[in-house]
Every structure is written in C-alpha cells, then in structure tokens.
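Novice: For reference, the structure I am asking about is given below.
The values are calculated or read from the model by the stated rules, or taken from the named source; none is laboratory data. Given the structure is predicted, the values throughout are model-derived calculations rather than measurements. Here the Cβ is made from the backbone with ideal geometry for all residues, glycine too, and neighbour counts use every protein chain on show. These area figures cover heavy atoms from the full protein model, side chains too; ligands, DNA and RNA do not enter into them. Shrake-Rupley method; radii C 1.70, N 1.55, O 1.52, S 1.80 Å.
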Amino acid sequence: MMTTFAYVVAYLGLVFFLIACIARFMMWSKMPMHVRWELYPVAHEGGGKAAYGGSYLEDTEWWTKKREVSLFGELKVMVPEILFLVALREHNKKLWTRSFPFHFGLYLVGGVTALMLAGGLVVGYLPENIAAPVAKIVNLVAPFLGGAGLVLGIIGAIGLFMRRRSRALRDYTAPADLFNLVFFIAAFGVSLVSLVVYDRDFSMVTTFITNLVTFDLAPVGAGPAGLLLTLSVVLLALLTAYIPTTHMSHFIGKYFAYHSIRWSDEPNLAGGRQEGTIQELLSRPVTWSAPHIGADGKKSWLDVTLEDQTK
Amino acid sequence: MKQPNSVKDMGKNPGEPLAQINQYEQIPLPPPFDKIDEEPEFAQLSDAAREKYVVLDDTIAVNIEKPKTKEEEDKLVNGFLSGLEKLFSVDDNWTFLQPFEMSMEHCAKCHTCSDACPIFQESGENELYRPVYRSEILRRIYFKYVKKASPSLHGDIDLNWETVARLIELSYRCNLCRRCAQTCPIGADNALLSREIRKIASMEMGIVPKEIHDDGSVLQLRVGSSTGMTPMIVKDNIEFIDEDTAERTGITIETPFDKVGADILLIHNAGEIMAWPENPGAFATVFEAAGLSWTLSSDAIGYDGINYGVWYDDVQFARVAVRHAAIAKKLGVRKIVLGECGHAHKALTVIADKVLTGDLNIPRESSMVTLRDIIRSGVLKLDKSRNDFPVTLHDPCNLVRLMGIVSPQREIIDAVVPEGRFREMAPHGVENYCCGGGSGFAIMSGHNFKDWRHRMTGRRKFRQILNAFQDESMDPSHMKYVCAPCSNCKGQIRDIITYYDAFEKAGIYYGGLVELIVNAMVDVKPGFIDWEWH
Ligand code: SF4
Ligand code: SF4
C-alpha cells in the first residue's frame with residue numbers, strides 16, 4: 001500500500017516537473033522581441049574576438065559581412081559554467097565553496113536517477129542479453145555516484161543554509177529561501193539514510209525505478225525499509241515538482257538569460273526577417289501616463305514616436 | 001559612515017538620510033593624492049534642500065518635492081504601482097520585457113555582483129549602494145503589492161511614499177554601467193532594474209532629473225540639441241571651428257553640411273562643438289585628408305548625436321533615434337558614423353536596432369572603426385614621436401562592455417603613440433570601470449551632486465588613471481594624457497581632474513582619440529594638442 005502511494009507520487013512528481021519545465025520554457029521563449037541588451041564578452045563572437053570581448057561591430061562595414069558565430073565558443077563557456085559554476089568561482093569564492101557541491105550533488109543525483117530510469121527501460125523492455133550487462137553497469141555506478149551526489153548535495157545545502165543566515169545575506173533571505181534548502185536537506189537526508197541503512201547496493205531503488213518505468217506497481221521492500229524508501233521517494237518527488245515553480249527554475253531562465261539577452265547580438269538587417277516583427281511591436285498601443293508621452297491608450301508606439309515635439 | 005541596516009529601512013525615518021559618507025573614511029587615492037585630509041571638502045546639502053525634497057543620502061539628483069497632502073502621498077505610491085504593472089505588459093514594455101522579468105525573477109541574492117560595483121566599493125561598502133539593494137526593494141514591492149504574494153516567499157517591505165520617492169532617487173545612484181551584470185552567475189541585471197525604475201518615474205509619473213529631461217531630450221527634440229544650439233548657431237559654430245582648426249593645423253578645411261548623396265553622415269555629440277571644438281575640427285581634418293565623402297547635417301537633431309532616453313525613457317529614446325535615421329535617409333547617405341560619444345553609439349547602433357526598419361534602417365558605424373580604417377589605409381602620414389608623452393585610454397562602457405568595440409581604438413593608439421608610451425588601465429576593455437559620469441551623471445550637477453559624483457562614482461576612475469601613471473613622474477611639468485573617446489566621459493574626466501586639481505598638481509590632461517591622430521599627422525603643424533587647461 002505504502003509503495004503504491006510512492007509510485008503514484010513519483011509519477012505525479014515527474015509529470016508535474018516536466019509540465020512545469022515546459023511551461024516555463026514556453027513562457028520565456030514566447031516573450032516578445034526586446035531591444036538589444038547584449039553584454040560583452042559575447043561567447044559566440046568568431047575570429048578570436050570572444051577572447052577579449054570584441055564584436056562584429058569592430059569590422060569595417062559590418063553589415064556587408066557574414067557574421068561569424070561560433071557554437072563551439074558558446075559551448076566553451078556554457079559547459080564549464082553549468083558544470084562548475086565558473087562565474088561564481090571567479091567572483092564569489094566563498095559562496096562557490098557551498099554552491100558548487102550543492103549543484104554538483106544535484107547533477108549527480110539527477111544524472112543517476114536518469115541513468116536508473118534508462119536502465120529500467122532497458123531491463124523492462126529489451127532482451128536479457130542486452131538488459132543484463134546494462135543492469136550490471138547501473139548497479140555498479142549508481143550506488144557510488146548516487147551516494148556521492150546525496151552527500152555533496154547535503155553538505156552544500158547545509159553550507160548554503162548557514163551562508164543565508166550569515167550577517168551578509170540574512171537581510172536578503174526570505175523564509176522561503178531557507179525552506180527550500182531545508183527541503184533539499186530533508187529529501188536528500190532521508191534518501192541517504194534509506195540507502196545506507198537498508199539499500200547499500202541500490203537494489204531496492206533500482207527495482208523501484210524499473211517497476212516505475214514498466215508500470216509494475218509491485219511493492220518493494222517491507223517493514224521499515226519499505227517505509228523509508230517510500231518516504232524518500234515521496235520527498236524527492238515533491239521536491240522535483242516544487243523546483244520549477246520557484247526561482248530555482250533559474251536553470252531554465254539562465255538559458256534565456258544567455259541566449260536571448262546577454263549574447264543576443266543578431267542585427268536587424270535592412271529588409272531582413274526581424275523588420276516585420278518590429279513593425280508589429282511598434283504598432284502596439286502605449287498607455288504610459290506621463291504627459292510628455294502623449295499616450296491615450298489608442299496611439300501606438302509609432303504614433304507617439306512620430307508626434308511633433310517641437311512645440 | 002551611516003548606512004541602512006535593512007532593505008526594510010527604505011520607508012523608515014522620513015526626512016532622515018539613510019546613508020552618509022564620511023570622506024575621511026574613504027579609501028585613500030594613490031600618490032600624489034594619497035593624503036585624504038588634503039582632499040577637497042565634500043560640500044553638504046543645504047538645509048533648505050533637505051527641507052523641501054525627499055532625502056535619501058548626502059545628495060539629491062531628482063528633486064522630488066515632499067508631498068504636502070495625503071492625496072499627493074497616494075499619488076506617488078499609486079503612480080509607482082501602476083507604472084510597475086506596466087513594466088510587465090507586452091504593449092507598454094515589449095522593449096525590455098524579457099530582460100526585465102529575468103532580473104526580477106532570478107536573482108539569488110548572492111551578492112556576487114557587489115564587488116564589481118565601483119560605487120559600492122568607493123562608498124566603503126555602504127549597504128545603500130549595494131547593486132542588489134535597490135533591486136530587492138523593487139522586487140519586494142512587486143511581489144507583495146502587485147502580485148499579492150506572501151512576504152514569506154519573496155521578503156517583506158512596507159510601501160509608503162517615502163519608499164517610492166527614495167527608490168526613484170536611488171535609481172540615480174547607479175551609472176548603468178552593467179559591470180555588476182557581467183559577474184552575475186545567473187544573468188540578472190541590476191543596472192537594467194535601475195533603468196526600469198527610472199522608466200516608471202519618467203514614463204508613468206513624469207519624474208526625471210531636469211538635466212536629462214527638460215534640459216536634455218525635451219530640449220533636443222524642441223530646438224535640435226540639448227546644448228540649445230539651433231541649426232543656424234551650429235553652422236556658425238562649425239564655421240568658426242573650421243577657421244580655428246585651420247589656424248592650428250595649417251590645413252584649410254570646410255566642413256561639409258547637408259551634402260546630399262554623401263557616403264557618410266557624421267553625427268557628433270553637440271557638446272563637442274560647444275566644449276571641445278578641437279574634436280570636430282580634428283574629425284574634419286582627418287576625414288578631409290582621407291578624402292572621405294562625408295557631411296554633417298544642419299537639420300535640428302541631426303547635429304546632436306546624444307540620446308538621453310537610453311538612460312530613462314523608451315519613448316524619448318525612440319523619438320530621437322527615429323529622427324536621426326530620418327535625417328540620414330533624407331540626405332541619402334550610405335551610412336551614419338557616430339563621433340566620439342559612447343551613449344550615442346549604443347543608442348543608435350544597438351538599442352535602435354530594434355526600432356529602425358525599412359528605409360530608416362541605415363547602417364551605423366563607430367568612428368573608432370572609420371578612423372581605424374583610415375589609419376590602416378595608410379593615407380595619413382603619421383609621426384608617432386609627436387605624441388611622445390604617456391597616454392592612457394579610458395574605455396567608455398557603452399563602447400566596450402555594451403558594444404564589444406575594444407580593439408579599433410587600441411590599434412589607432414598603436415599607430416600614433418610611440419612604443420612604451422601607452423599604458424593600459426587595470427582593468428580595461430570590457431572589464432573597465434565607468435568614468436563615473438555614466439547614465440546622465442556627467443551632466444547632472446544640482447545641489448551638491450557634482451561633489452557626490454566625484455567622491456563616489458568618479459573616484460574609481462581617478463584611482464585607475466593615477467595607477468596607470470604610477471611609473472611616471474607626477475611633476476606637473478611632465479604632461480600625461482588621458483584619452484577618452486566619448487564626450488560624456490570626457491566631461492566627467494575633466495570634472496574629476498578639476499575637482500582634485502590634477503592638472504596643476506600632477507600634469508594630468510585629457511582629450512579625445514582623434515586629437516591624438518591629428519597631433520601625429522606630418523602634414524599638420526606640430527602642437528595640435530596644446531596642453532592648455534580649458
Ligand atoms: S544580481 Fe546576480 S550576482 Fe547580484 S545578487 Fe542577484 S544573483 Fe547574485
Ligand atoms: S550598473 Fe554599475 S554603478 Fe550600477 S549597480 Fe551595477 S556596477 Fe554599480
């Protein structure tokens with residue numbers, strides 16, 4: 001009964017997480033074109049310019065040239081940034097020593113979960129000769145990386161909790177910020193205890209996940225072991241669902257912060273594809289109230305822009 | 001040093017300054033300005049000003065009169081909330097909606113950006129000037145009073161007229177240099193939030209410092225230039241500049257005006273024509289020597305590249321940008337070249353990029369690039385030894401961090417300054433520090449604002465200039481040149497040098513980039529840079 005409950009919450013948590021992430025992604029991607037607000041260095045600038053923060057605007061008659069955009073240049077910045085939080089390491093070492101283990105722990109836990117989900121699919125749906133070696137690899141890797149991830153996550157979250165309570169950050173800390181960290185510590189902590197005490201080889205948890213992806217809601221574990229497994233699954237599932245509804249969804253926002261804002265330097269070339277969108281935006285009504293704007297709710301941006309200001 | 005204890009202090013202790021700087025506790029400057037007690041006295045705000053206007057700290061930028069009735073108080077609060085809501089509307093704020101929401105939603109309040117901010121640092125880390133302090137107030141007001149979310153989620157704040165008025169003042173304690181944004185691990189941008197607060201104040205409530213609105217963009221749109229120059233006056237002034245330049249260079253020039261079909265429309269910051277005539281004169285000398293097909297415009301606004309809207313108001317911004325483009329279209333030029341003015345560069349090239357369409361979408365080029373290409377072409381005969389003095393380069397934020405124009409100005413310096421004479425500031429390029437005049441400060445000087453800016457915003461730049469010249473003799477007879485290829489930066493650097501008396505005491509002089517080129521031109525009489533304090 002208890003494990004059935006865990007299955008249901010796990011499904012709901014995963015589905016909610018996916019829906020919320022997609023909704024969040026859509027929200028950011030559907031936002032209207034904004035004026036350019038790039039910030040150099042822009043990582044995709046080609047011709048060696050990214051290294052010193054240069055742009056195509058340094059080129060002679062730049063509008064006549066093909067823009068050099070280097071995807072590799074972006075990856076060179078993005079990948080270390082995501083994995084190692086380079087900006088934080090460079091500019092705020094104190095916080096990095098807490099935030100890095102937290103995030104890296106999270107990646108490991110997320111990665112191992114994804115691995116177990118993939119392993120579960122292989123075990124559940126593919127023939128034994130393929131499934132057996134895959135299961136072996138998962139069983140080998142998961143306890144080690146999963147355990148490390150939980151420990152790092154807990155250490156990082158405790159460090160962050162203490163830092164948020166410090167004199168420097170206390171005033172900028174809302175109760176929700178502390179709650180979020182406690183939630184992580186609780187969910188990761190219960191999972192760690194469950195694994196250390198009852199499931200050191202991850203057999204219960206891999207069985208649970210295989211059952212999850214094969215829709216076999218068979219009970220896993222009995223007595224206190226089952227109970228603790230259920231509790232950890234429920235907490236992790238709730239946490240998973242909760243993350244994208246808070247500012248912790250910055251893992252989605254950050255993609256847009258870089259690609260749509262900081263590095264968004266694509267010029268609006270005469271006769272190019274951006275012009276139509278801009279004209280549509282300029283035809284939108286303005287309702288700003290200050291007298292010098294001269295808006296009445298009907299006049300468009302173009303109308304108020306072109307109005308005679310010489311009087 | 002007095003400073004707020006908490007974000008929540010913003011609406012508390014009405015009439016009292018939330019922060020005050022003790023000048024004797026500031027970090028001393030490098031030699032020979034290292035004796036803090038020999039620095040000029042920080043002028044105090046008058047009692048009358050404190051009585052009449054909303055008080056935030058040691059100075060006043062915006063002049064918001066204290067409300068006298070409950071209605072006036074409510075008007076401030078309601079106007080602010082209504083403007084704040086509009087910032088989230090596609091119709092009213094498509095221009096910045098995505099960057100704005102990103103910064104509103106995703107700040108982790110980690111304080112990583114604090115170290116990057118020259119104002120926060122030079123204030124001795126006064127909490128009021130922490131980049132995220134004002135952002136946090138804006139965020140809390142939004143979540144609590146517009147979204148009606150529980151304060152447990154986003155933090156608490158009381159909202160009263162004092163909070164609103166002080167927050168507007170505080171948005172004018174930021175240079176909008178975006179150095180903080182560069183370090184943010186998440187991509188949040190406190191400079192943008194300062195600008196959005198300024199927008200609420202201007203576009204919804206009609207509250208703006210006089211220097212940038214009434215005497216700035218409004219005047220420019222009405223008569224043609226924020227300097228007050230009408231088309232007739234500008235032509236007269238340029239004629240005078242041509243004569244004066246010819247006398248100094250020995251080369252006769254006639255600046256072309258309104259030449260239909262010219263290749264280039266050159267737009268200066270009109271402040272150059274008024275305050276630094278040698279700069280337009282030098283441009284004319286170089287462009288003529290290079291045989292370029294170019295022209296100035298005598299149409300109202302066409303001779304003043306400034307666009308103060310970039311600091312506070314999207315509509316005022318668009319009005320000026322469209323007018324610039326329309327004038328270029330009328331002349332049928334192939335491209336607009338922007339003179340030595342950083343914000344004019346960014347305004348017309350980058351920001352207006354998403355405003356100008358169709359036949360108004362005329363290519364814009366930086367004069368750094370045009371000048372670099374002239375040098376590369378080899379058409380000018382140059383003698384570097386004429387610039388045989390120490391030179392340092394100030395990077396205008398708008399050119400470097402916000403446009404990525406970093407190398408052309410250095411290539412020019414390489415070509416006109418002898419080896420070993422150029423010293424970079426630390427840091428420089430895209431990591432530069434603002435001159436301290438950014439976001440309108442260079443032209444704002446009400447009450448004791450000028451003093452505040454020299455002590456708080458310009459001090460970091462002055463520190464950098466002194467450090468760049470530390471291996472040089474600081475004897476005033478040993479002249480040193482601060483090259484600032486931006487009119488506003490130049491004004492600010494002039495003001496800091498004056499404030500600390502650095503020309504008289506240490507031989508620190510300043511000027512533009514094109515002047516260094518003309519000073520090195522073999523065909524020009526030696527001594528174009530005259531080392532006279534103007
Ligand atoms: S703006 Fe960025 S760096 Fe500054 S406090 Fe917020 S998240 Fe941290
Ligand atoms: S934009 Fe510049 S002045 Fe303003 S808060 Fe950021 S670093 Fe400080």
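Novice: Under 14 Å from the Cα of B:Lys329, which aspartates and glutamates turn up, not counting those fewer than eight places away in the same chain?
Specialist: Cross-link targets: B:Asp258, B:Asp263, B:Asp299, B:Asp359.
Novice: Restricting to DSSP H runs of at least four residues, report the calculated mean residue ellipticity at 222 nm for chain B, -39500 (n - 2.57) per run over all residues, nearest 500 deg cm²/dmol.
Specialist: -11500 deg cm²/dmol
Novice: Using a Cα-Cα cut-off of under 19 Å, which lysines could be cross-linked to A:Lys298, ignoring same-chain neighbours fewer than 8 residues away?
Specialist: Those lysines meeting the cut-off are B:Lys86.
Novice: Checking a compactness column here: for chain A, what do you get for Rg(Cα) / (2.2 N^0.38 Å), N being the number of residues?
Specialist: Normalised Rg, Cα atoms only: 1.31.
Novice: Under 1.5 on a/c is rounded, so check that first for segment B:11-81, then, if it is not, pick prolate when a/b is larger than b/c and oblate when it is not; a ≥ b ≥ c are the square roots of the alpha carbon gyration tensor eigenvalues.
Specialist: Prolate is the answer for segment B:11-81, as a/c is 1.5 or above and a/b outweighs b/c.
Novice: Can you name the helices of chain B, as whole DSSP H runs, whose Cα span along the helix axis is 24 Å or more and whose Kyte-Doolittle mean is not below 0.0? Can you show the working numbers first?
Specialist: Working: long enough: B:70-87 (26 Å, -0.67); B:231-249 (26 Å, -0.62); B:314-331 (26 Å, 0.32).
The answer, listed by residue number, is B:314-331.
Novice: Moving on to the next point. With the cut-off at 1.5 for a/c, could you classify the protein assembly as shown from its C-alpha gyration tensor as rounded, prolate or oblate?
Specialist: Verdict is prolate for the protein assembly as shown.
Novice: Where in chain A are the DSSP H helices whose C-alpha atoms run 20 Å or more along the long axis and whose mean Kyte hydropathy is at least 0.0?
Specialist: A:2-29, A:93-125, A:128-165, A:175-198, A:223-242
Novice: Roughly what would the spin-label model give for B:Arg376 and A:Thr64, points 7 Å off Cα along C-beta, in nm?
Specialist: 1.2
Novice: Compute for segment B:448-534: radius of gyration divided by Kirkwood radius, i.e. Rg/Rh, restricted to C-alpha atoms, rounded to two decimals.
Specialist: Ratio value, two decimals: 0.99.
Novice: If you don't mind, there's one more thing I want to ask. Subtracting the Cα-Cα distance from 0.36 nm times the residue separation, let me have the gained length for A:Tyr107 to A:Lys76 in nm, one decimal.
Specialist: Details: separation 31, 0.36 × 31 = 11.16 nm, distance 1.90 nm.
Stretched fully, the A:Tyr107-A:Lys76 segment lengthens by 9.3 nm.
Novice: Right, next: Restrict the search to segment B:410-467; then list the chymotrypsin sites (Phe, Trp or Tyr not before Pro) that DSSP places in a loop and that have at most 11 other Cβ atoms within 10 Å of their Cβ.
Specialist: Answer in residue order: no site qualifies.
Novice: Could I ask something else about it? Does segment B:382-520 come out rounded, prolate or oblate, given a ≥ b ≥ c as the square roots of the eigenvalues of its C-alpha gyration tensor, rounded meaning a/c under 1.5 and, failing that, prolate meaning a/b above b/c?
Specialist: Details: a/c = 1.90, a/b = 1.30, b/c = 1.46.
Note, shape of segment B:382-520 comes out oblate.
Novice: Once fully extended, how much extra length lies between B:Ile27 and B:Ala290, figured as 0.36 nm per residue of separation less the alpha-carbon to alpha-carbon distance?
Specialist: 90.0 nm
Novice: Right, here's the next one. Going 7 Å from the Cα of B:Ser152 along its beta-carbon direction, which residues of segment A:173-190 have the amide nitrogen within less than 20 Å of the resulting point?
Specialist: Residues A:173-187 qualify, since their backbone N sits under 20 Å from the label point.
Novice: Right, something else. Computing the accessible area with a 1.4 Å probe over protein heavy atoms, can you report the carbon and sulfur percentage for segment B:382-520?
Specialist: Of the solvent-accessible surface of segment B:382-520, carbon and sulfur hold 45 percent.
Novice: Hey, got the average number of other protein chain Cβ atoms within 10 angstrom for residues in A:89-96?
Specialist: Across the residues of A:89-96, the mean count of other-chain Cβ atoms within 10 Å is 4.
Novice: I've got another one for you. Can you give me the % of accessible surface on chain A that is carbon or sulfur? Probe 1.4 Å, all protein chains present, nothing else counted.
Specialist: Here carbon and sulfur together make up 71 percent of the probe-accessible area.
Novice: Let me ask something else. Determine the distance separating the Cα centre of segment B:175-229 from the Cα centre of segment A:84-99; give it in Å without decimals.
Specialist: Each part's Cα centre sits 32 Å from the other's.
Novice: Provide a list, ordered by number, of residues in segment A:22-55 showing at least 50 Å² less accessible area with every protein chain present than when their chain is taken on its own, using a 1.4 Å probe.
Specialist: A:Trp28, A:Met31, A:Pro32, A:His34, A:Val35, A:Arg36, A:Trp37, A:Leu39, A:Tyr40, A:Tyr52
Novice: Which of the peptides A:208-219, B:258-269 is most tightly packed, and how do the rest follow, going by the mean number of other Cβ atoms within 10 Å of each residue?
Specialist: So the order, starting with the most tightly packed, is B:258-269, A:208-219.
Novice: In nm, give the distance between the simple-model label positions of B:Thr498 and B:Asn78, each being 7 Å from the Cα along the Cα-to-Cβ direction.
Specialist: The two pseudo-label positions are separated by 4.4 nm.
Novice: Here's another thing I want to ask about it. How much solvent-accessible surface does A:Thr310 expose, in Å² to the nearest 10, with a 1.4 Å probe and all protein chains in place?
Specialist: Surface open to solvent at A:Thr310 totals about 70 Å².
Novice: Give the interface area between chains A and B as buried accessible surface, both sides summed, probe 1.4 Å, in Å² to the nearest 100.
Specialist: That pair hides around 7500 Å² of surface in total.
Novice: Let me ask something else. Percent of accessible area on segment B:7-204 owned by carbon and sulfur, 1.4 Å probe? Before the final figure, lay out the partial values.
Specialist: Working: 3030 of 6240 Å².
Here it works out to 49 percent.
Novice: Just how many % of Cα pairs in chain B lie over 38 Å apart, if you round to the nearest whole percent?
Specialist: When every Cα pair of chain B is considered, 27 percent fall beyond 38 Å.
Novice: From the helices alone, meaning DSSP H stretches of at least four residues, give me the mean residue ellipticity at 222 nm for chain A, per-run term -39500 (n - 2.57), in deg cm²/dmol to the nearest 500.
Specialist: Using -39500 (n - 2.57) per qualifying helix, the result is -21500 deg cm²/dmol.
Novice: Can you check what the net charge comes to around B:Ala328, using other residues whose Cβ is under 13 Å from the Cβ of B:Ala328 (Lys, Arg +1; Asp, Glu -1)?
Specialist: Taking every other residue near B:Ala328 into account, the sum is +2.
Novice: Say the dipole of segment A:80-184 comes from +1 at the beta carbon of Lys and Arg and -1 at that of Asp and Glu; which of A:Leu95, A:Leu83, A:Val141 then lies farthest toward its positive end?
Specialist: Value computed over the given set: A:Leu95.
Novice: Here's another thing I want to ask about it. Taking a cut-off of 15 Å between Cα atoms, list the aspartates and glutamates near B:Lys35, but don't count ones fewer than 8 places away on the same chain.
Specialist: B:Glu25, B:Asp501
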